[in-house]
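One structure is given below, encoded as structure tokens.
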Amino acid sequence: MFKLKRILLIAPAEMTRTPAFARAQALARASGALLHIVAFDYVQPLALAGLFDHSAMAQAREGYLQMHRQWLEQQARFQRSAGVQVTTEVVWARATPAHVLEYVNDFHADLVIKDAHHVPTLNRAFHHPLDWELLRDCPACVHLVTEAANPKPLKILAAIDLSHLEDLTHGLNDRILDLASTLASTCDASLHLLNVSNWSVVGDAAMSVPNLSLDHSLRDAINDTQQEAFHTLAERYGVDEKHRHVLTGIPYRVVELFARQNAFDLVVLGTTYHHGFDGFIGGTAECLVNRAPCSLMMVKPAPSAV
């Protein structure tokens, strides 16, 4: 069973209380986990000033960082009053993927939480945003918060993929449901299970078309196998019949629409990274990062399996 012991909240450089603060506090309080808040702060003019007067720059930088530390500590005191064990740190560094991932690895977090940031398509063509880099390389589960109308999620959707054999996904579906069911139990939330069958379409492109090349008997066999696997997983994790959903279509579109129409607070899904020129974080997860109607939590295969 998934154990949530150490939560890392990556706070924005701006001294602003964002939805991720509320979600991190709620999850830490419900689970009893330690919450550590880190902010990466780097002011270019202060750094440039050091080229001319290192001593003055050091004093100015320390004064600025002290102000940020005090603000972050105020947020921690607010959360401690709610019964959460909280620590804080401000790091003088840009929030680059390299700096953030190094910090995550040193902290050994079970869950990394940050606010989701929408990045225009044109910008994504030239560089991979921090959110994507975390999904690709972060060893912990990653929670991207879009909003926290319900700080403690009340309605959770676990989206699994039964289009591959479990030995090829290293038990990823089990890990998704393990985390989702743990969160649902911890937060007293309702848990729904969704499988999107996409064997009838070719790829995830917008122009996907029905695949008529499959023999009817083969399609029936695929359906039967997936249905059996789906209900086995649902029974294993105690998902009610009325909370089990099987739909057909392009996965990211179906998940997005279903989550939006049913007002979920959180979607838990899996992501994998295949080394190579075109390997990234998996088609469904990659497409949902920038268009999710609610917060996302990404799960990876077991480290020893990949």
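The values are calculated or read from the model by the stated rules, or taken from the named source; none is laboratory data. As the structure is a computational prediction, the values presented were derived from the model and not from experiment. Cβ placement follows ideal geometry from the backbone for every residue including glycine, while neighbour counts extend to all protein chains displayed.
What to note about this one:
Residue-by-condition table, conditions (1) modelled with pLDDT of 95 or more; (2) acidic (Asp, Glu):
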residue	(1), (2)
Val86	yes, no
Trp92	no, no
Ala95	no, no
Ala98	no, no
Tyr103	yes, no
Phe126	no, no
His143	yes, no
Glu147	no, yes
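- Residue check for Ala234: touching a Pro at 6+ places or on another chain (Cβ under 6 Å) and in a helix (DSSP H, G or I): no
- Positions within the range 224-282 being among the acidic types (Asp, Glu) and at pLDDT below 90, in sequence order: Asp224, Glu228, Asp278
- Members of the range 225-262 that are over 26 Å from Leu134 (Cβ atoms) and among the hydrophobic types (A, V, I, L, M, F, W, C): Ala229, Phe230, Leu233, Ala234, Val239, Val246, Leu247
- Output for the range 238-260, where each listed residue is aromatic (Phe, Trp, Tyr) and in contact with a helix residue (DSSP H, G or I) (Cβ under 6 Å, 6 or more places away or on another chain): Tyr252
- The set of residues from the range 59-70 being closer than 20 Å to Thr16 by Cβ and surrounded by 17 or more Cβ atoms within 10 Å (Cβ to Cβ) comprises Leu65, His68.
- Neighbours by Cβ (under 7 Å, 6+ apart or cross-chain): first from the range 4-27, in the same structural domain as Arg94 (by TED's automatic domain parsing); second in a strand (DSSP E or B) and among the acidic types (Asp, Glu): Pro12/Asp115; Ala13/Asp41; Thr18/Asp115; Pro19/Asp115; Ala20/Asp115
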